[in-house]
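**Student:** After the structure tokens below, expect a handful of questions from me.
The values are calculated or read from the model by the stated rules, or taken from the named source; none is laboratory data. These figures come from a predicted structure and were not determined experimentally. Please note: Cβ atoms are built from the backbone with ideal geometry, for glycine as well, and neighbour counts cover all protein chains shown. We work out accessible area using only protein heavy atoms, side chains counted, and drop any ligands, DNA or RNA first. Shrake-Rupley method; radii C 1.70, N 1.55, O 1.52, S 1.80 Å.
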Amino acid sequence: MTDNRNEPVCVLLTDFPLTDPYVGVMKGVILSRVRGAHLVDLAHGLPPGNIAWGALLLQEQTRFFPERSVVLAVIDPGVGTDRPILAARSGGYRFVAPDNGLLHPVLQGLAGPGEPEVVHVKPAGVRLPGGCETFHGRDIMAPVAARLLAGEPLSALGGPASTWTPLTLPEAERVGDTWVGEVISADGYGNLITSLKTEALRGADWRVFLEGVEIGPIRPTFGAVSPGEVTAVFGSLNRVEVTVRDGSAAERFAAGPGNRVEARRPS
Amino acid sequence: MTDNRNEPVCVLLTDFPLTDPYVGVMKGVILSRVRGAHLVDLAHGLPPGNIAWGALLLQEQTRFFPERSVVLAVIDPGVGTDRPILAARSGGYRFVAPDNGLLHPVLQGLAGPGEPEVVHVKPAGVRLPGGCETFHGRDIMAPVAARLLAGEPLSALGGPASTWTPLTLPEAERVGDTWVGEVISADGYGNLITSLKTEALRGADWRVFLEGVEIGPIRPTFGAVSPGEVTAVFGSLNRVEVTVRDGSAAERFAAGPGNRVEARRPS
Amino acid sequence: MTDNRNEPVCVLLTDFPLTDPYVGVMKGVILSRVRGAHLVDLAHGLPPGNIAWGALLLQEQTRFFPERSVVLAVIDPGVGTDRPILAARSGGYRFVAPDNGLLHPVLQGLAGPGEPEVVHVKPAGVRLPGGCETFHGRDIMAPVAARLLAGEPLSALGGPASTWTPLTLPEAERVGDTWVGEVISADGYGNLITSLKTEALRGADWRVFLEGVEIGPIRPTFGAVSPGEVTAVFGSLNRVEVTVRDGSAAERFAAGPGNRVEARRPS
């Protein structure tokens, strides 16, 4: 076979900073096993330990990648403990990640052909020789991703997992005429991505509050206000975001994950 | 066709931080449409809103990439407003970008075969379903880039544009025996890239001043001075740079875009 | 030949920040010469001028990349001075880098087929026209890497080098019942990578001290302690690391390269 264009893509998502060699060496491990593998970065250097943020990105953004992609997601504060490693198939994609909740939403929520299939990886068979217990991304998960890219079935990598660590992504709740949610993460611009879902709030005349401070109505884009002005917008992750045009809402409000947001209907 | 080596490359330039998922998801959109597309990053996480800096990079660096490359440039503070999106051909390259001045220099200035050709993208035909107004990079511009990579002509993407938003890159001016310019940007080392052009200043005995403070002569490289010492050099963007060897001129002088620089001939 | 999967990979390691265009334009230079070249990033934005850290990464991590890879390493504070540029072969890999010590460990230490072969690059033949003296990564080293990728022998690029700039990577020393070493670098999490080698310390009951402050025993992973707690671990670079679980040891101890570490046997 001489055409690699129909081969699956490997999508990488980690909290490793790109100024460290950790992402690069994982890529080396994969390329050493699958020559010509097509690697693409979803993001790296995510806020360490914010598993909900990583899980949200997987849930909302996997679908933008080619079907059959192998998604290797390493946010792994428990590395080296006895937390298992999962390999899974869901919605036409395959996933490799530590069993810490990161995959729970995609295993629950991705639409696609067939039922999710999940295995607990048996490290003995795949682990790099001479590795360590502080970098399973390199020593176990990258080799697992390489095997999936090379076409091995999940069943070759471990035994079926009927349970895994759950993670409840923050979901806004309706309380009377108010949706009550929270900030999930701040992006690099300082936009505050909240748990208020676009589909619940589009169309009606909601006003957004951050920790009780009125932000105003939800606009289609921050370009609708003047530079330096605050506005809520419908963001690209299907969530409402609190933003400052040409500025940082995270700094303006000293806000971040866990801060309370509300959408209220004017009475 | 089984060889992807003659297919065009897609070059990405954005102000999206790599710690966010925005660049990655744009790549996913492209790869979903053009399997095996060859993506390469010029730079990301550029200073938000410094359109002149992005435009300078396009003007000076596009030529280092393979001919026929599709350059997708997203610095888009006006996203979601009625600013159009441009697709264009100039100097043997193709470009996709918001119409905010970013492309003006390459449309004016790139030498190459044929006249520049520019269209205003008609989003209706190319836009991802279910998108939002805050991320046209993903929802409109990445699909446009994919179509160009796949070989569609510009004319399939929109109607011809005879005008677009102009941008005058900062240019130094000769006033008697002095060139008067300004800092365009600071790079990650704190080198101050100025609007003083190398070709105007090479050879003669100019001395550089930053906000009236004498920096000294323009040397071929900062290696010519001692660690910690300040010097002007001929930089890699065909502009004079104010640098500190093994240090940051931006910090040393608390300087950045807009600060005045001069090159004076000794009297 | 229509299959690029057996072609060598080009691995890039630099101290150029990814928010600058320098890495991107080097890639453009390579792709313009070797269409379809497979480029992969080991890391960028390394701490400027920490040549020992770059050299350690090359020594410990090259082996994770496919054999025959061309490793282009640019940490080059002496750019534009008369320091030579090296092209070399060692341990089945090829390397291009400034002659400032960066390659010394891989030329000494990589096991693999044949003797290391080293040449001083003759820039005249390979240099980009119209370049500058501040960016040999783009103007000389990227073209050299492209030639190696294209299959040219080292001997076509310059004359044999029998000496090059030495670099002694920090090595811990045994003094009685104590290993005395130092911090080599801090990674992006604030883990302190030390010169204490894993193979010297595994198995026995060592206790680690940082500038005289007791850190404790060396554990397999930081997951073995509670969040916020300090521990030494066996790290992924075959060195002991001082870490804070879910935190930064660099910040906690205000420590970095050069700080003294010791491993002592309890008496």
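**Student:** Going through segment B:1-37 one residue at a time, which ones are more than 7 Å from chain A (Cβ to nearest Cβ), open to solvent by 30 Å² or more (accessible area, probe 1.4 Å) and modelled with pLDDT under 95?
**Tutor:** Those that are more than 7 Å from chain A (Cβ to nearest Cβ), open to solvent by 30 Å² or more (accessible area, probe 1.4 Å) and modelled with pLDDT under 95: B:1, B:3, B:5, B:6, B:7.
**Student:** Could you count how many residues in segment C:235-247 are in a strand (DSSP E or B) and either hydroxyl-bearing (Ser, Thr, Tyr) or touching a Cys at 6+ places or on another chain (Cβ under 9 Å) (or both)?
**Tutor:** 1
**Student:** Now for a different question. For segment C:62-111, give me the residue count where each residue is in contact with a Cys (Cβ under 9 Å, 6 or more places away or on another chain) and at pLDDT below 95.
**Tutor:** Total meeting the criteria: 1.
**Student:** List, please: which pairs have Cβ atoms under 7 Å, are six or more places apart or on different chains, and start with a residue in segment B:53-70 that is free of Cβ contacts under 8 Å to residues at least 60 places away in the same chain and end with one that is basic (Lys, Arg)?
**Tutor:** From segment B:53-70, the pairs are B:66/C:35.
**Student:** Among (1) modelled with pLDDT under 95; (2) open to solvent by less than 20 Å² (accessible area, probe 1.4 Å); (3) not polar (S, T, N, Q), where does residue A:177 come up short?
**Tutor:** Result: residue A:177 fails condition (2) only.
**Student:** Given the criterion within 21 Å of residue A:48 (Cα to Cα) and assigned to a loop (DSSP other than H, G, I, E, B), identify the matching residue among C:232, C:255, C:250.
**Tutor:** Going through C:232, C:255, C:250 in turn, the sole match is C:255.
**Student:** What number of residues in segment B:86-112 are within 14 Å of chain A (Cβ to nearest Cβ) and surrounded by fewer than 24 Cβ atoms within 10 Å (Cβ to Cβ)?
**Tutor:** The total comes to 1.
**Student:** Between a residue in segment C:249-263 that is within 18 Å of residue C:171 (Cβ to Cβ) and any residue that is assigned to a helix (DSSP H, G or I) and of a type outside the set (Asp, Glu), which pairs come within a Cβ distance under 6 Å, given they are 6 or more apart or on different chains?
**Tutor:** C:263/C:201
Yes/no per residue for (1) under 30 Å from residue C:196 (Cβ atoms); (2) away from chain B (no Cβ under 12 Å); (3) open to solvent by 70 Å² or more (accessible area, probe 1.4 Å):
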residue: C:127; (1), (2), (3): no, yes, yes
residue: C:132; (1), (2), (3): no, no, no
residue: C:141; (1), (2), (3): no, yes, no
residue: C:145; (1), (2), (3): no, yes, no
residue: C:155; (1), (2), (3): no, yes, yes
residue: C:158; (1), (2), (3): no, yes, no
residue: C:167; (1), (2), (3): yes, yes, no
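**Student:** Among the numbered criteria (1) in a loop (DSSP other than H, G, I, E, B); (2) more than 21 Å from residue A:9 (Cα to Cα), which single criterion is violated by residue A:120?
**Tutor:** (1)
**Student:** Looking at segment B:196-213, which of its residues are closer than 22 Å to residue B:185 by Cβ and exposed (fewer than 15 other Cβ atoms within 10 Å of the Cβ)?
**Tutor:** Of everything in segment B:196-213, those that are closer than 22 Å to residue B:185 by Cβ and exposed (fewer than 15 other Cβ atoms within 10 Å of the Cβ) turn out to be B:199, B:202, B:211, B:212, B:213.
**Student:** In addition: Which strands (runs of 3 or more DSSP E) does segment B:127-225 wholly contain that include 1 or more residues that are in contact (Cβ under 8 Å) with a residue 40 or more places away in the chain, within 30 Å of residue A:234 (Cα to Cα) and not polar (S, T, N, Q)?
**Tutor:** B:158-160
**Student:** Now a separate question. I'd like the full set of residues that are among the hydroxyl-bearing types (Ser, Thr, Tyr) and surrounded by fewer than 24 Cβ atoms within 10 Å (Cβ to Cβ), limited to segment C:232-267.
**Tutor:** Across segment C:232-267, the qualifying residues are C:248, C:267.
**Student:** Further, regarding this structure: Of everything in segment A:64-83, what is away from chain C (no Cβ under 14 Å) and crowded, with 20+ Cβ neighbours inside 10 Å? Give them in sequence order.
**Tutor:** Of everything in segment A:64-83, those that are away from chain C (no Cβ under 14 Å) and crowded, with 20+ Cβ neighbours inside 10 Å turn out to be A:64, A:65, A:66, A:69, A:70, A:71, A:72, A:73.
**Student:** May I ask you to list pairs of residues, at least six apart or on different chains, whose Cβ atoms are under 6 Å apart, with the first in segment B:12-29 being without any contact (Cβ under 8 Å) to a residue 60 or more places away in the chain and the second being part of a helix (DSSP H, G or I)?
**Tutor:** Short answer, once both residue conditions are applied: B:21/A:57; B:21/A:61; B:28/A:64.
**Student:** Next up: Of the numbered conditions (1) more than 7 Å from every other protein chain (Cβ to nearest Cβ); (2) of a type in the set (A, V, I, L, M, F, W, C); (3) open to solvent by less than 20 Å² (accessible area, probe 1.4 Å), residue A:51 satisfies every one except a single condition; which is it?
**Tutor:** That leaves (3) as the condition not met.
**Student:** Of all residues in segment C:193-207, count the ones that are more than 25 Å from the chain's Cα centre (by Cα) and closer than 13 Å to residue C:181 by Cβ.
**Tutor:** 1
**Student:** Quick test for you: out of A:209, A:234, pick the one residue that is within 11 Å of chain B (Cβ to nearest Cβ) and of a type in the set (Phe, Trp, Tyr).
**Tutor:** None of the others qualify; the one that does is A:234.
**Student:** With C:260, C:239, C:265 as the choices, which residue is out of contact with any Gly (no Cβ under 8 Å at 6 or more places or on another chain), within 21 Å of residue C:55 (Cα to Cα) and charged (D, E, K, R)?
**Tutor:** Going through C:260, C:239, C:265 in turn, the sole match is C:239.
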